[in-house]
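The values are calculated or read from the model by the stated rules, or taken from the named source; none is laboratory data. Bear in mind that the values here come from a model prediction, so they are computed numbers and not experimental data. Note that each Cβ is placed from the backbone with ideal geometry, even for glycine, and that neighbours are counted across all protein chains shown.
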Amino acid sequence: DDTYRLLPYLFEHDELKNAVKEKIFLGFSDTTFNHLMLHKVGLNTFYGQAFLPDVCELDEEMLPYTEKYFLELLETGTIHEITPSDVWYEERSDYGAEAVGTKRIMHANQGFELLQGSGVFQGKILGGCIDSLYDILDATRLCDSVELCRKYGLFPNLEDWKGKILLLESSEEQPTPEKYRHMIEALKNTGIFDVIHGILVGKPMDEMYTKEYQEILVDIVNYPNLPIVWNLNVGHATPRAIVPFGVMARVDVEKQKISFKY
């Protein structure tokens, strides 16, 4: 939660830049800070899964869709294409010993949904959990987050964002529509929506506030030609794909796929 407090120890004398070479970094949620740190030193990372919630799934095996992308990354070091899962799962309410070996409740998934703009667009993807991105821009929750993140340039500048695709997903705290509006407004105030090529949005946990979030996004972004694609299987809802950051991506909503060119 307070990963940003590592910034002075990682960037004051290029410590992180000198330490990382060709490494694979995979994570989501609060690791949004780590993804942006590594982006700053030129390392492409992978967004979307983590050890405890995915590899250690309480069912007898990993969720099949999640496992497919996990194995692809392990075996090839890359992700070449993302397609929607056929199903999505409700979040567990019990993580006790008695839940081991039990299955999640599943529902049919609807695939990628185009909220506005062209269904075909491309760019390198960057972003993460909107709650964490908001902490970089607003110090209400973490008193020194904005000061430190601004000092070390953690949030990319507009030149860096130019032509990119913004990935957003919301946390397990399931922010209210009012809070979500504040977070999207904070992003808009950076000028980011003026320069990116599109927005990809992960399915909210348990599909909470789906319609409200969609309406807020379209309203606040206020660029009808900027593509917004909803319902990626990435972030806090299960199952989870893996999204490569910093790799040229081509989104095709009609074909229901996102392909990557290395």
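Among the listed residues S132, S85, identify the single one that is polar (S, T, N, Q) and either more than 20 Å from the chain's Cα centre (by Cα) or under 30 Å from E60 (Cα atoms) (or both). Spell out the reasoning first.
Numbers: S132 fails: either more than 20 Å from the chain's Cα centre (by Cα) or under 30 Å from E60 (Cα atoms) (or both).
Result: S85 is the single residue among S132, S85 that is polar (S, T, N, Q) and either more than 20 Å from the chain's Cα centre (by Cα) or under 30 Å from E60 (Cα atoms) (or both).
Does the stretch 36-57 include one or more residues that are surrounded by 13 or more Cβ atoms within 10 Å (Cβ to Cβ), in contact with a Pro (Cβ under 6 Å, 6 or more places away or on another chain), touching a residue at least 60 places away in the same chain (Cβ under 8 Å) and among the aliphatic types (A, V, I, L, M)?
No: zero hits.
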Exercise. Which is over 19 Å from I130 (Cβ atoms) and not aliphatic (A, V, I, L, M), of Y213, Y180, Y209, Y152?
Worked result: Y152
Exercise. Taking the stretch 58-77 only, how many residues are surrounded by fewer than 15 Cβ atoms within 10 Å (Cβ to Cβ), touching a residue at least 40 places away in the same chain (Cβ under 8 Å) and at negative phi?
Worked result: 3
Exercise. S145: surrounded by 15 or more Cβ atoms within 10 Å (Cβ to Cβ) and touching a residue at least 60 places away in the same chain (Cβ under 8 Å), yes or no?
Worked result: yes
For this session: Those residues that are over 19 Å from L226 (Cβ atoms) and part of a loop (DSSP other than H, G, I, E, B), I need them from the stretch 236-253; list them, please.
Result: H236, A237, P239, R240, A241, I242, F245, G246, V247
Seminar exercise, completed: Okay, strands (runs of 3 or more DSSP E) sitting entirely in the stretch 136-234 with 1 or more residues that are in contact with a Ser or Thr (Cβ under 7 Å, 6 or more places away or on another chain) and at pLDDT below 95, I get none
